[in-house]
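The values are calculated or read from the model by the stated rules, or taken from the named source; none is laboratory data. Values in this document were obtained by computation on a predicted structure and should not be read as measured data. Ideal geometry is used to build each Cβ from the backbone, glycine not excepted, and the neighbour counts take in all protein chains shown.
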Amino acid sequence: MPPPARKTDMTTATSLAIAQNRFGLGLRGDEAAPGTGLVDQFPRYDPRPPAIAAVPGSAAMVVRFRDYQAQQIAARMAQMQAAMAAERPAPIVSPAVSPPGPGKPQRSLAQKALRSDINAQFRESYGDAARARIVAALNTTAPFAERLVHFWANHFAVSADKLETLALAGTMEFEAIRPNIAGRFVDLLLAVERHPAMLVFLDQAKSIGPDSALGQAARNRRGRKLPGLNENLGREILELHTLGVGSGYTQADVQELARALTGWSIGGFTRQAIAIEAPEGQFVFQPGWHQPGDRAIMGRRYRQQGEAQAAAILGDLAVHPATAHHLATKLARHFVADVPPPALVDRLARAHIESGGDLMAVYRVLVAAPEAWAMPMPKFKTPWDWTISALRGIGARDAPDLKIVGALAELGQPIWRPGSPAGWDDVAASWAAPDALLRRVEIAERIASLVGDRIDARLLAPRLLPGVLSPATAAAIANCARPQQGLALLLAAPEFLRR
Amino acid sequence: MINRRFLLGQGALAAGLLLTPNLALAAAPTEKRFVFIILRGAMDGLMTVMPLGDPAYAALRGNFAPPAAAGLPLPLDALFSAHPALVETAALYGRGEALFVHAIASPYRERSHFDAQNVLETGGTAAYALSDGWLNRMLPLLPKSGEPALALSATLPMALRGPTPATSYAPSQLPDPDPDLLARITALYAGDPQLHGLWSQAVQARAMAGSDGRGRSNPGALGRLAATFLAKPGGARIAVIELQGWDTHAEQPGRLNNQLKQLDGVIAALRDGLGAAWADTVIVAATEFGRTAAPNGTMGTDHGTGGAAVVVGGAVKGGRVVADWPGLATGQLYQGRDLRPTADLRALFAGLAGEHFGIDPPRMMRTVFNALQVRPLTGLVRG
C-alpha cells in the first residue's frame, strides 16, 4: 500500500526511508530500493527459508533432552549403588533441610560430564538457530514480514536461559510464529501456547490438576511430593500474550486458566504416571492430568471438558477487546512511537475486533496510517535492528567472521534471551544508554572492517538514508581519512541509529 | 604497555568536546557509598530468611528446603535462619554489618513481575505512574559527587533513569576502537542532544574503569568492578547492580541456592574491593515481590506478595532481623496464600539513603517518593 503523502521529491525520498528503515530491516546496499509497498511484500515472504529449514526442530531437541535426563538418572543410580557398597554412614540432617534422597546428593563426575556435554550441544544448537535467524533477516526480500516475525517472537518471548529452553527458543519462532504471522491471531496464539518451548519455559508441561486422575492417585498414596498446579503460563497468557496487565482479570482468573491448561504437555518430556502414549517431543493433551470441571474466566463459563476447554478460552481471549487494545498498543509502539498516538491505537484495535482478529486487516490499517509516515524518525533502533540493518547495508549475506551472535549480547540484546517472558522493552530509554552507544560504535568499526575500503560510504549513505541524511553526517563521512572509517561513521551516525 | 582505555580518555580530551572541567575535588564530594542490587524475578524471601521458629513454617514448607548439600541453615535469631548459601552475608551479620528486613513489599499488590519491577524502581505507587527512577530523583539532594551515578550494565535500569545524568558501564569483550574514529564520532554527536550526553558519559565511564573493566562478567567480577568505581576518590557514589533469575516456579531448592551464592559473591566482592570505603557503604538488595508461602506442584513457588530485603555494609547497624512478623498461619496469610507485608520498601529506601547521606528521611519520603503518610524505617545506619 502506498504511503498517503507524495507531495514533493523530498517526501517521496523520506517515504522510501520510512518504508525501508522503520517498517523494514534497512536497504541491502547491493540491491535497488524496492519501493514503498509493504503489504505487497507478503506473497514474497518465505516462512521456511533454506537457512531455517536446515536447523533441527523442537521434537529432536526434546528427545535429546529426555535422553540426557535418562542418562543422568542412570548415573545417579550407579553412584548410589557405589555409595551403598561402601556403606557410608548417613549424614546428620537438620529437620529444616531435605533428606539426602535420590534427588539431592552432590553430582558425581559422570553426572557433571553429562551436564557439560549437553550444555555444549545445546549451546551449539542455539548458535546454529540464531545464525539461521540472522541469515534469514539478511537475505529476505520481504523485510516488513520478517520484522513482524521478530515482533511476534518478542511478544511471545521464550528466554533461552534454562538448559531446556536454550535449544528450544529458536524452534518456537521457526515452527509456531513464522507460519502464522499473516493469519488470524488465535491461530498464532494456539500455535505458540502448544509449542514445547513455551510449555517448558513457563512450566506448563508438568502442571497437574489436583483433582485429576493423577492428582488423586498421588493423594491416595500420600506421597511426599504431591504433584499440582503451576500458574506461570496461565498468568503470562493473560498478562502478556492476550489481555494485558491491568485489563481487569483477577488472581482467580489466573488460577482458573491454569486449571484449564492442566494436561497440556509434551510427549516424552516428563515422567509421570497415568500418561497416554504420544509422539516424542510433540504437543500432547494428557487427560489423566487435567483438572475436571467447568471453568469461569472473566465472567464467562466454559463447560467444555478436556483439551477443548483451554482452547475455547484462548479463542475468546484472542478476540477480546482488551487483547485487541493490548496488541494495537504494542504494534503502534513498535512501528510508530514510544508513546503511541491514542487515535492510531484505537483504529488498530477496532480493525482487530471488527475482523475477528485477522492480523492482515490490522497491518493494513497500520501501514495506511499517516502517523506512521511522519518525521522526524521517532524510534531508536534496538541492537538487533541496528546490527541487521548495518549488515544489510554492507551487502552481507552472512557474516561468520563478525561473531554476530556474541556481538548482540555485547550490545545488550542477546538473541532469544530477554531474560523474562515480557520480552525486550520497545522504547528508546532501554537502548539509548552510555555504554551501549559506545559499543555500537565499536561494532560499527568491526562491521566496516569486514569490507575494508571496498565500499564508498559517500555513495552508500544517501541510498540507505534517502531524504534523511543530514548535511553534517554527509560532510563528516566525506572528511574521513579512509573509506572504511567513513563507513563506520555512517553506521554510527545519528540518522542510522534511528528509524 | 599503554592502557588503551586511558588513551580513549585522552583522545576525548584532545577533541575538546567531551569532558567538562573536573570539579570533583572542589565540590566537596560525599564519601558515602550506596549500592542498590535489584533482584529481578522475585526472590523467595521465605527460603532466603527462613522463619524456622514459626510453627506454621514447617507445616507449609515441610521438605521444601535448601538442598542438603548446601549445608545447614545459618541461625540469625530465635525466629529466623539464613539460607546456607549466604555464608559471607551471615558472617557480616555476625560482625554487625548486615541485617535482613522481612515481610516487606513495595506498595504494589498485583503479581506481574514487570509492573512490580517498575514500581520498585520508580518508587511510585502504581506501575508506569512515574517516568523516572527513585535513585535519579534522589541525586539532586546529595552533596555533589565527582561522577554521575552508575549502572553496572550496558543500558540504564529504570531506577536510574531520569533528568539527572547517570551513566552505565559493563565489561566489554569488544576490541578498543580507533581513537581517531572516536574523535570524529564525538564531533558528529555534538549536534544531537541525546547522543551527545550519552556519549560523554560513556567515554568518561570507560576512562574510569581503566584496565579493570575487561573480561567476562561473573558475580565476583561484577562486585569487584562496582567496587573499583566506588572506591576511587571522586568516583561514582551510587551504583545499581542487577541480578536476574529469581523466578523459581520449578525446582526452586537448587536454583535458589545458586542465585543466593551469586548474591553472596557480589556482596563479598564489594566488601573486599571497597577496602577502607566499606565503612562508608550501605548496600540494599531488594526484589519486586515475594513468592507464595506454600510450594506449588512443580517444586517451586508462584508469584506472591511480602518478601525479604538484605542490607549490608560497614555503615549498617546490623546483626538483627527487622520484622513486624505477621505469621504464616492460614488466617495470617495475605489473600490466604502469601506472606503479609508489614513494611514498605519505600520506607526502607528512604530511611537507609536518607540517614546515610544526611538527608532528613521525611524529606526523602516527600521529595523522592511523594509519600508523606509513610514513615521511614530509621535507625538502620550508624550515625
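Here are a few things to note about the model shown:
- The combined condition, being closer than 22 Å to A:Leu327 by Cα, away from chain B (no Cβ under 14 Å) and outside any helix (DSSP H, G or I), is not fulfilled by A:Ala176.
- Candidate set from segment A:275-312 (those that are of a type in the set (A, V, I, L, M) and out of contact with any strand residue (DSSP E or B) (no Cβ under 6 Å at 6 or more places or on another chain)); member that is nearest to A:Gly215 (Cα to Cα): A:Ala275
- Unmet requirement for B:Gly123, which otherwise passes all of (1) crowded, with 18+ Cβ neighbours inside 10 Å; (2) out of contact with any helix residue (DSSP H, G or I) (no Cβ under 8 Å at 6 or more places or on another chain): (2)
For every residue, the table says whether it meets (1) out of contact with any helix residue (DSSP H, G or I) (no Cβ under 8 Å at 6 or more places or on another chain); (2) more than 14 Å from chain A (Cβ to nearest Cβ); (3) over 21 Å from B:Glu97 (Cβ atoms).
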position	(1), (2), (3)
B:Ala268	no, yes, no
B:Trp278	no, yes, no
B:Gly290	no, yes, yes
B:Gly300	no, no, yes
B:Ala315	no, yes, no
B:Arg320	yes, yes, no
B:Asp324	yes, yes, yes
B:Thr342	yes, yes, yes
B:Glu355	no, yes, no
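- Flag if A:Arg458 is assigned to a helix (DSSP H, G or I), more than 10 Å from every other protein chain (Cβ to nearest Cβ), modelled with pLDDT of 90 or more and at negative phi: yes
- In segment B:57-72, the residues that are facing another protein chain (nearest Cβ under 8 Å) reach residues that are among the basic types (Lys, Arg) with C-beta atoms within less than 6 angstrom, at least six apart or across chains, in these pairs: B:Pro67/A:Lys104; B:Ala68/A:Lys104.
- Qualifying residue in segment A:408-423 (condition: touching a residue at least 24 places away in the same chain (Cβ under 8 Å), farther than 30 Å from B:Ala166 by Cβ and touching a helix residue (DSSP H, G or I) at 6+ places or on another chain (Cβ under 8 Å)): no
- Test: A:Gly26 is of a type in the set (Gly, Ala, Ser) and modelled with pLDDT of 95 or more: yes
- Which listed residue, of A:Asp398, A:Asp385, A:Asp456, is surrounded by fewer than 21 Cβ atoms within 10 Å (Cβ to Cβ), touching a Leu at 6+ places or on another chain (Cβ under 9 Å) and in contact (Cβ under 8 Å) with a residue 40 or more places away in the chain: A:Asp398
- Residue within segment A:463-474 that is part of a helix (DSSP H, G or I), facing another protein chain (nearest Cβ under 7 Å) and in contact with a strand residue (DSSP E or B) (Cβ under 8 Å, 6 or more places away or on another chain) present: no
- Among the residues making up segment A:132-173, those that are among the hydroxyl-bearing types (Ser, Thr, Tyr) and over 21 Å from A:Leu202 (Cβ atoms) are A:Thr140, A:Thr141.
- Among the candidates A:Arg235, A:Arg178, A:Arg222, residue that is among the basic types (Lys, Arg) and under 14 Å from the mean Cα position of the chain (by Cα): A:Arg178
- Scope segment A:475-499; condition part of a helix (DSSP H, G or I), under 28 Å from the mean Cα position of the chain (by Cα) and within 10 Å of chain B (Cβ to nearest Cβ); matching residues: A:Ala492, A:Pro494, A:Glu495, A:Leu497
- Scope segment A:227-237; condition touching a strand residue (DSSP E or B) at 6+ places or on another chain (Cβ under 9 Å) and either among the basic types (Lys, Arg) or surrounded by fewer than 24 Cβ atoms within 10 Å (Cβ to Cβ) (or both); matching residues: A:Arg235
- Looking only at segment A:187-206, and only at residues there that are of a type outside the set (A, V, I, L, M, F, W, C) and either in contact (Cβ under 8 Å) with a residue 60 or more places away in the chain or farther than 27 Å from B:Leu60 by Cβ (or both), the one that is farthest from the other protein chains (Cβ to nearest Cβ): A:Asp187
- The lone criterion from (1) touching a residue at least 12 places away in the same chain (Cβ under 8 Å); (2) over 19 Å from the mean Cα position of the chain (by Cα); (3) within 12 Å of another protein chain (Cβ to nearest Cβ) left unmet by A:Lys403 is number (1).
- Helices (runs of 4 or more DSSP H) (entirely within segment A:334-397) containing at least 2 residues that are under 24 Å from A:Leu460 (Cβ atoms), at pLDDT 95 or above and in the same structural domain as A:Gly26 (by TED's automatic domain parsing): A:383-393
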